[in-house]
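Just below is one structure, and these are the notes that go with it.
Readers should treat all values here as calculations from the given coordinates under stated rules, not as data from a laboratory. Everything quoted here is computed from the prediction, not taken from an experiment. Every residue, glycine among them, receives a Cβ derived from its backbone with ideal geometry; neighbour counts consider all protein chains shown.
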Amino acid sequence: MQAIDFVVARNDLQQCKTIESQLPDAAALPDDGLLVKVTRFAFTANNITYAVLGDRLKYWQLFPAPEGFGNIPVWGLGEVIASKHAAVATGETLFGYFPMATHLVIEAADVSKRGLRDGAAHRQGVAPVYNAYTRVSGDPAFAGKQGDYQALLRPLFMLSFLVDDFLAENEFFGAKAVMLSSASSKTAYGLAYLLHARGNGIKVIGLTSAGNTAFVTSLGCYDEVVTYDSLTSLPTNSPVAYVDMAGNGPLRATLHRHFGEQMKYSGIIGLTHRKPTSDDPAQALPGAELQFFFAPDQIRKRTGELGPAGFNERFLAAWSGFAPNLDQWMKVIEHRGPAAVQRAYLDTFNGRVPPYQGLILSLSE
Ligand SMILES: NC(=O)c1ccc[n+]([C@@H]2O[C@H](COP(=O)([O-])OP(=O)(O)OC[C@H]3O[C@@H](n4cnc5c(N)ncnc54)[C@H](OP(=O)(O)O)[C@@H]3O)[C@@H](O)[C@H]2O)c1
């Protein structure tokens, strides 16, 4: 049986291809090895960021690919089809970080009732979340459409949750409004939902492209929606915070110059726009100094303060309030097979996926 991997050229992400290899048979698995069939995975702009930062943040080391190429990590579900670990049965379903591939060999370690870890040498030295798998067989929260929601949004919503928590912990740096770029993105609207749900009078402003304004407005969790070309219409008479998902330097500079000292916080979260720019993020701009928000650091800090159970409890409460909205806010679109995956990748890379869509992919036909 053949395995299929989808890989991209590291120095030109527009170039991509599938490669086939022989699937290892069960006897050839390493000790405690599992052969997992990757059944479905989500694909969003965040995965493109993994590729853009592949070298810097070690994403390329997780799932080896031929020289010059990288396999982009994705969140999804897999089924164990062969096992050399006594405590893990074939047929089990795992949720976690997978390659864009039909199969993955995992060296099962730290197996508990709830999860396991891939102990393979090349997967160490990254944040623990990137080699942990949750055992979800029979769990209705990961079955059918709920499983798709988890793959598409849960990792993104973790970021939304962390930023909301961080801003609240810092009393919004004195801001009376929070502006979010890439407002139509799943991460941004997760954050907007949480900020809006606080009901503390702090205005949530979504910045988006003209074509996505109607979608962003329809979500109902932004108090105001402004297109990128009309930012300077925003009033400057009260303090603001800026959460930058887009990573668009000129946009950031426009906002800082417009708000001046009223800009009380400016944090960079993402890189959706990726347009080549001569902008130096460290250049002196009026207002708050630019901060890079690194999720694993904030998780470490908050699990230290709240304890892992306390942190988890807060996250789950936030997720259970947010997830029911997805039936209205997102349409899951499934694409199967190498050609369809390639199209979905290029559409996402080139910003052609409408924001109401949540892409669920599989390299198996
Ligand atoms: N730091 C972290 O740990 C972390 C974690 C999660 C997500 N993020 C970041 O959050 C951002 C959003 O990710 P997501 O997965 O939620 O996105 P998504 O739902 O796929 O976002 C789609 C939206 O992003 C904008 N966009 C997408 N591709 C674009 C392109 N090529 N050119 C210009 N705009 C584009 C458009 O929004 P508009 O029209 O509204 O601009 C589009 O509607 C990403 O930058 C991601 O890396 C960071």
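Specify the angular offset, from 0 to 90 degrees and rounded to the nearest 10, of the alpha carbon long axis of helix 295-322 from the longest principal axis of the alpha carbons in the chain. Tilt relative to the chain: about 90 degrees. Compared with the dominant Cα axis of the chain, that is its longest principal axis, helix 186-198 is turned about 60°.
Of all segments of the chain bounded by trypsin sites (Lys or Arg not before Pro) found in a DSSP loop with no more than 12 other C-beta atoms within 10 Å, the longest spans 115-351.
Panel note: the C-alpha atoms of the range 302-349, placed on their principal axes, show extents of 46, 26, 17 Å (largest first). Backbone geometry of the range 7-18 corresponds, through the Karplus equation with coefficients 6.51, -1.76 and 1.60 at θ = phi - 60°, to 3J(HN,Hα) couplings of 10, 10, 6, 4, 9, 7, 5, 6, 8, 8, 7, 9 Hz, x marking Gly and Pro. Counting only residues at least eight positions apart within a chain, or on another chain, the lysines with an alpha carbon under 16 Å from that of Lys331 are Lys145, Lys186. Relative to the 2.2 N^0.38 Å rule of thumb, the chain has a C-alpha radius of gyration ratio of 1.01.
Within the chain, DSSP assigns beta bridges of which about 60% are antiparallel (rounded to the nearest 5). Put in order of Cβ neighbour count within 10 Å, fewest first, the listed residues His335, His273 become His335, His273. Within the straight-line cut-off of under 18 Å between alpha carbons, the lysines reachable from Lys264 are Lys176, Lys203, sequence neighbours fewer than 8 places apart in one chain being disregarded. Of the two radii for the range 156-296, the radius of gyration is 0.92 times the Kirkwood radius, both from the alpha carbons; that is the Rg over Rh value. Straight-line cross-link reach from Lys17 at under 15 Å between alpha-carbon atoms covers these aspartates and glutamates, not counting any fewer than eight positions away in the same chain: Asp5, Glu67, Asp347.
Taking a ≥ b ≥ c as the square roots of the Cα gyration tensor eigenvalues, the range 1-148 comes out prolate, since a/c reaches at least 1.5 and a/b is larger than b/c. When each of Met330, Met179, Met245, Met1 is scored by the number of other beta-carbon atoms lying within 10 Å, the sequence from fewest to most is Met1, Met330, Met179, Met245. Per residue, the convex hull spanned by the Cα atoms of the range 226-365 measures out at 179 cubic angstrom.
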